[in-house]
């Protein structure tokens, strides 16, 4: 049956060869003998070269190197068309083994091939055959044999996918002796021309180090140009700037403090723009600490201004940067919190305070100490106290009890007490709700015991808490009754 299917397939077609090879593979898997047909399709031969021995990389590389030694200039056009044809075949679409094989093929061809590499590059760019090429390897080898300007002209000549990446790599590969004012201006003009990028990888600007000899402000100029060009295109901006604020790159805080010393403001603006788009980029606050110590007033004002209800980054409290102020001096902490407390926008104020007082494993006692002080210092500011307890309500039990005690020591107004959040408004459980209710009863009982110690002035507070406890006990009875009935239904 399978043999009849094989005999009906056109042996000269690449897709047929693929299907036949898969059938034979199935026969081999189940140890079924079959009369093998020799597959001689040109495309299939190349496909096999690129994909066989994929688990033995050294063996596959040897096969590719051996093949490329015999490739002539006259073979290039046909070879490119074959690889393009293979890439477009639906039967092997998204095949990572093939992708890796093609990438290896181009790397070996441009590194060890005896062909005219510039002609190969031109033919590939002309046919948009760039998807599995490593730009740096291709460009460096072309520059080595044909020079920078010849290579650059070919890269600029055609339109193809990811052209922006090829041009940036070309700028990065320029020989040191060719860098001058004109090449600096070419780079800046390129960046100033907006290019729509729908997908891609992060771009490293570490190569700008070699431009510093000609222009000490090259980092400032490039970042300023990027900011102006892509301010409203945050995806593209993130591709260009994410590695600038990555501690695992060579862009250390020490380096940035030197190359941006004449204009820290553009560094701040770029950092904040990036972080209104991407979460957790500066996950441990490395660059936040740099910028806040450069100019705390300027940076925090910009940070606060950038905080809106729509921001994806500033909406999240885990891993946020503002929480890292606890590792700074008391002066900086006081400065930042004071600025936030004086904001008129209540929603923004709440969000920023939540960022600051999000759990910080390094300084939990310092945060708590500061919150207690905020309660006593602002006890007459009802709006601020309500915001504080909105944050406190999400903390663990003893944390909440200590803050409630601080409030009560400083104020015995029962109506004021009723207006603050004593616990979170959100509860979740798996199975029965009863354990959750019992824990809440225990929590309010502890609060009530503390209130009793404060004296007769707090009798109304006792009554208020006892009503809450009574309501929870009734709730527990209702839940037990409901769950009992549900178990019998």
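Here, each number is a calculation from the coordinates, and none is a lab measurement. It should be emphasised that the depicted structure is a prediction, and the values quoted were computed from it without experimental measurement. Using ideal geometry, Cβ is built from the backbone for each residue, glycine included, and neighbour counts are taken over all protein chains shown.
Of note:
- Principal-axis analysis of the Cα atoms of the chain puts helix 42-51 at an angle of about 40° to the longest axis.
- Over 45 Å [Cα-Cα, the chain], rounded percent: 43 percent
- Computed per residue of the chain from DSSP H runs no shorter than four, each worth -39500 (n - 2.57), the mean residue ellipticity at 222 nm is -19500 deg cm²/dmol.
- Under the simplified labelling scheme, the residue 457-residue 475 pair shows an inter-label distance of 3.0 nm, with each label point 7 Å from Cα along Cα→Cβ.
- Listed peptides 250-263, 398-411 appear in the order 398-411, 250-263 once ranked by packing, highest mean of other Cβ atoms within 10 Å at the front.
- Note on region 363-489: percent of Cα-Cα distances in each 10 Å bin, starting at 0 and stopping at the bin with the largest distance, equals 12, 39, 31, 13, 5, 1.
- Against the empirical curve 2.2 N^0.38 Å, the C-alpha radius of gyration of region 155-294 lands at a ratio of 1.03.
- Against the chain, whose longest principal axis is taken from its Cα atoms, helix 181-192 shows a tilt of about 60°.
- The angle separating the long axis of helix 117-126 from the principal Cα axis of greatest extent in the chain is about 60 degrees.
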